[in-house]
Every structure is written in C-alpha cells, then in structure tokens.
Amino acid sequence: PLWTLALEEPGAWTGPLLGEAHALFVAQTGSEAPRVLVLDLHTGRARADFRLPPGEWKAPLEASAWVSAGRLIVPAFANRAPAPASLSAFDLGDGRRAWTNTFPAGEELFALARHGGETYPLTLGAALGTGAASGALHVLDEQSGSLRRLVPLKAGEKWMGIEAGSAVELAEPCRCGAPSCRGWIVDAEALPRLRERLRPGCSADATSP
C-alpha cells in the first residue's frame with residue numbers, strides 16, 4: 001500500500017469521505033459532537049483533527065456531507081429550535097466555520113441533489129395549512145454559502161424519487177454515440193430504476209400526491 005494508518009478507537013470511525021486529495025474520517029459517538037480527522041490522501045499525514053460544533057448532524061456524516069473548495073460542507077436536516085435546518089462549511093485546515101446558511105422561515109431541508117457540478121437543496125414546508133410555506137428547489141453557492149431560490153413548489157406538491165435526509169448524484173445523459181452505450185452515466189445496476197423514473201407519466205421532480 002501507499003501508506004497505512006491505525007486509528008485510535010477503530011470501532012468509532014466511519015468513512016472515508018473523499019474529496020480534493022483528502023480522506024476524511026468521522027467519529028460520532030454518544031452525545032458528543034462529531035470529530036473529523038482530515039488526512040492527505042497521498043501521504044496519509046493528518047492535516048487537521050477537529051470537532052464540529054453542536055448541531056443536528058445526521059450520522060453517518062459521510063453519507064450527506066461533501067468537500068468543496070477546501071471546505072467540508074455539512075447539512076443539518078432537522079428543523080428543531082434552537083437549531084433550524086441549515087448548511088455549514090468548515091475549513092479543512094483548522095475546522096473553523098467558513099459560513100452557515102439557514103433556510104427561509106417555514107421551510108425545512110428535505111434532501112440534496114447534485115448535478116453538473118452544482119448542489120441543489122430541496123426544501124419542504126415545515127407546517128401545513130393555508131398560507132404555509134411549501135418549499136422550493138434552491139441552488140447553493142458553495143464559495144459564499146448563499147442560496148438562490150429557483151423553483152417554488154405549489155401547494156400540495158412534494159419531492160418524489162429522493163429519500164428524505166439524503167444527498168444524491170443525479171445521472172447525466174451520455175453523448176458518446178457508442179452502439180453499446182447505456183445512454184446515461186450511471187451504474188449498470190441503477191439503470192433499470194432510472195428508466196422506470198423516465199417512463200412517460202413518471203417524474204423524479206416535484207409532483208402532486
């Protein structure tokens with residue numbers, strides 16, 4: 001192997017979360033805030049070892065967090081006071097918070113979709129009733145943490161085809177033109193599910209129940 005590293009308390013760690021030549025391991029035990037160990041992927045040397053501040057972080061962290069522009073970006077899906085649903089970025093070098101952005105009043109973070117190098121937070125209304133917020137499709141600026149509302153949901157609409165509290169990479173069409181091409185940049189095992197979602201009358205976007 002290129003390098004090996006024995007982690008203390010090996011049963012407490014999950015990961016790795018890979019990104020930008022780094023490997024991140026997360027220890028999330030009991031009521032303690034998650035501990036993040038950042039390793040240089042080429043040398044195995046520890047670049048940083050820090051704890052996230054208290055928050056509604058969903059375990060395992062590597063299933064929903066990601067690395068961008070030298071930062072670990074972490075979603076908090078829960079929407080319970082005093083910690084509303086949010087997205088936060090932490091510097092990989094020292095763990096300092098770079099930014100945090102909460103969602104508009106009345107909206108909770110449902111899931112994250114990534115496509116074409118962009119991240120799209122999907123929100124739902126946190127309450128029912130006339131006049132309550134119904135959620136929207138947002139796009140995230142990962143450098144500044146700002147959110148831009150792209151498409152609001154209509155009353156009664158909800159997100160389909162994406163699990164609550166998840167972060168998914170959306171398949172992209174392939175234009176290679178090869179006779180054996182599957183038509184989509186997607187794992188072969190996932191192709192039947194993708195085709196099912198693409199049948200006429202089916203949608204992976206916002207649909208009314």
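With K and R counted +1 and D and E -1, the other residues having a Cβ less than 15 Å from that of Asp141 yield a net charge of +2. With a cut-off of 15 Å between beta carbons, the residues surrounding Ala89 carry a summed charge of -2, where Lys and Arg count +1 and Asp and Glu -1. At full extension, Arg149 and Thr29 could sit 39.6 nm farther apart than now, given 0.36 nm per residue minus the alpha carbon distance.
For a modelled paramagnetic label at Val139, 7 Å from Cα along Cα-to-Cβ, no residue of region 81-112 is in reach, as no backbone nitrogen comes under 11 Å.
Work out the FRET efficiency for Arg96 and Cys176 from their Cβ-Cβ distance, taking R0 = 35 Å, and round it to the nearest 0.05. In this case the efficiency is close to 0.25.
Values in this text are rule-based calculations from the coordinates and carry no lab data. What you see is a predicted model, and the numbers here were worked out from it, not measured in a lab. Using ideal geometry, Cβ is built from the backbone for each residue, glycine included, and neighbour counts are taken over all protein chains shown.
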